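The values are calculated or read from the model by the stated rules, or taken from the named source; none is laboratory data. Here the structure is a predicted model, which is why all the values come from computation and not from measurement. Here the Cβ positions follow ideal geometry from the backbone for every residue, glycine too, while neighbour counts run over all protein chains shown. Just the protein is used for accessible areas: all its heavy atoms, side chains included, with ligands, DNA and RNA removed. Shrake-Rupley method; radii C 1.70, N 1.55, O 1.52, S 1.80 Å.
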Amino acid sequence: MNNQKNEPRAIMAEQEEVHQGAGDEEQDDNPNYKPPAQKSLAEILQQDAEDESLRKYKEALLGKAGGEPIVVDPNYPGKVKVMKLIILVEGRDDLQLDLTLPKEEIKKRKIILKEGCKYRVRIQFYVQRDIVTGLKYEQKLYRKGIRVEKDSHMMGSYGPSTDLITYTAPEDETPSGLIARGEYKVESRFIDDDKNCYTEWEWNLTLKKDWD
């Protein structure tokens, strides 16, 4: 189910889908929550230097980067640069969303799915400059301004690399029925365990009775 490929230096990349409970939702929506300050690559390397196992773990994450940061796109200041969101449906052409477009342009794009169809979300991205740990993909669906669903997928930890990373979420199924059909707004983002947000974007989904 978790058809994930070419994930360079993905350490402890758990592929479990997390459906958050009430307690998690409360923490997630707490406006007073402040994530801890992000650490630089040098700080990460120096921290717990006497711990041999932790040192090897960090070296595995960094890989060929050594102590020097790898930068895929000098014009992009962030650590995680998303490239594409792809919807995979067996027997049909892939539905793709170009995430390199301006965010206002992405919000205008629409993906159409048939009710009751099985699909997977695939995202392609780069990690540059620093290590990212406990990376998660979150997705929230809204219908007429009301949040109707939230999914969170643990992706793992990554070091900077020039290799394109592909993450494929577990298989899911669209709802069926007259009430389920219609327009949805989707909010997607990459965050870590400390709720640092690396990148986020919005897109639109339409659920129809049939493909045509």
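Values for this structure:
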quantity: Relative contact order of the stretch 69-108, defined on C-alpha pairs under 8 angstrom at six or more residues apart (%); calculated: 29 percent
quantity: Using a Förster distance of 41 Å, the FRET efficiency for Lys103-Ala180 (Cβ separation, nearest 0.05); calculated: 0.90
quantity: Equivalent ellipsoid semi-axes, the stretch 109-170, via Cα gyration tensor eigenvalues times 5, rooted, Å; calculated: 27, 14, 11
quantity: Relative contact order, percent, the stretch 70-208 [alpha-carbon distance under 8 Å, six or more residues apart]; calculated: 30 percent
quantity: Surface share of carbon and sulfur [accessible, 1.4 angstrom probe, percent] for the stretch 70-208; calculated: 47 percent
quantity: Per residue convex hull volume, Cα atoms of the stretch 70-208, in Å³; calculated: 110 Å³
quantity: Estimated inter-spin distance, Ile146 and Lys195, nm [label 7 Å along Cα→Cβ]; calculated: 2.5 nm
quantity: Within the stretch 146-193: Cβ-based charge dipole about Cα centre, in debye rounded to nearest 20 (Lys, Arg +1; Asp, Glu -1); calculated: 240 debye
quantity: Estimated FRET transfer efficiency when R0 is 41 angstrom, pair Tyr76-Glu115 (beta carbons, to 0.05); calculated: 0.65
quantity: Within the stretch 68-126, GluC sites (Glu not before Pro) in DSSP loop having at most 12 other beta-carbon neighbours inside 10 Å; calculated: Glu90
quantity: Probe 1.4 Å, accessible area per residue of the stretch 109-212, Å²; calculated: 41 Å²
quantity: Of Lys110/Lys195; Lys81/Lys103; Lys79/Lys185; Lys110/Lys140; Lys81/Lys195; Lys79/Lys144, pairs whose Cα-Cα distance is over 24 Å; calculated: Lys110/Lys195; Lys79/Lys185; Lys79/Lys144
